[in-house]
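Comments concern the structure below.
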Amino acid sequence: MVFDQARSVAYDRRAGRLLGGFHRRAASGIAAAAPRDGAVLDIGTGPGRLLHAVETLRPDLRLSGADLSPDMVALARRAWPSTALRPADLRVADVGDLPWPDGTFDVVTSTLSAHEWPDQRRAAAELVRVLRPGGLLLVWDFRFARVGALVGALAALCGVRRKAPHPLSPFTRVTARRPV
Ligand SMILES: C[S@@+](CC[C@H](N)C(=O)[O-])C[C@H]1O[C@@H](n2cnc3c(N)ncnc32)[C@H](O)[C@@H]1O
């Protein structure tokens, strides 16, 4: 889906109403995994609600976000809390061609975006490339989202685990660690 300005604003309103608990739970997983003063990248960050939740829990982290939609990135920049200790590095970028050097991040994450990536194999290679050796990838998506190609490509690159979702949960999580 193309998130133009109207769709981005509408999505942000829905996310505020419906996804607060989900973003807070995902943020706790990221906060628990990231080392002190570590670097975290959120792909398909949208209006940046996950990054806000991470910042609240771990203000020491250096946070970055990438999204294909310039309107989403503009929204995320405007919404970044003025109380945050430091600005987030928010960029317009495709998951298949990320503008960061190899090994930049301790944790790479994504929520509810992977099902929209047209080339999940290429995405997997980029996610692993920007992770430091030993770094952790945490991807959440809808329970029935088509992310099989991503999981397969990650399995070929490094260890991957798909957490069996709770029977009542609409979400599923994929975890991978870049080999040292
Ligand atoms: C449903 S929104 C999820 C936003 C946010 N992660 C959240 O949890 O609220 C999906 C986002 O993925 C972005 N996206 C889709 N394809 C992308 C790609 N190839 N590279 C980067 N971002 C992408 C969209 O622009 C959109 O902002």
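The values are calculated or read from the model by the stated rules, or taken from the named source; none is laboratory data. This structure is a prediction, so every number in the text was calculated from the model and none was measured. FYI the Cβ positions are ideal-geometry reconstructions off the backbone, even for glycines, and counts take in every protein chain you see. With ligands, DNA and RNA removed, areas are computed over all heavy atoms of the protein, side chains included. Shrake-Rupley method; radii C 1.70, N 1.55, O 1.52, S 1.80 Å.
Identify, please: which residue in the range 9-34 is open to solvent by 50 Å² or more (accessible area, probe 1.4 Å) and hydrophobic (A, V, I, L, M, F, W, C) and is, among those, farthest from P70 (Cα to Cα)? Filtering first and then ranking leaves A32.
The single residue among R62, R58 that is out of contact with any Gly (no Cβ under 8 Å at 6 or more places or on another chain) and not aromatic (F, W, Y) turns out to be R58. Would it be correct to say that L157 is touching a Phe, Trp or Tyr at 6+ places or on another chain (Cβ under 8 Å), hydrophobic (A, V, I, L, M, F, W, C) and without any contact (Cβ under 8 Å) to a residue 40 or more places away in the chain? The answer is no for L157. The residues on offer are D71, D141, and the sole one that is closer than 22 Å to A6 by Cβ and among the charged types (D, E, K, R) is D71.
Scanning the range 35-63 for residues that are among the small types (G, A, S), open to solvent by less than 10 Å² (accessible area, probe 1.4 Å) and on the phi < 0 side of the Ramachandran plot yields a count of 2. Per this entry, A6 is not counted among residues that are assigned to a helix (DSSP H, G or I), within 23 Å of V95 (Cα to Cα), within 11 Å of the ligand (Cβ to nearest atom) and open to solvent by 10 Å² or more (accessible area, probe 1.4 Å).
A single member of G38, G44 is within 11 Å of the ligand (Cβ to nearest atom) and of a type outside the set (A, V, I, L, M, F, W, C), and it is G44.
For the range 141-161, the condition of being open to solvent by 10 Å² or more (accessible area, probe 1.4 Å), under 15 Å from L51 (Cα atoms) and aromatic (F, W, Y) holds for none of the residues.
Note on the range 13-55: residues that are of a type outside the set (G, A, S), touching a helix residue (DSSP H, G or I) at 6+ places or on another chain (Cβ under 6 Å) and assigned to a helix (DSSP H, G or I) total 6.
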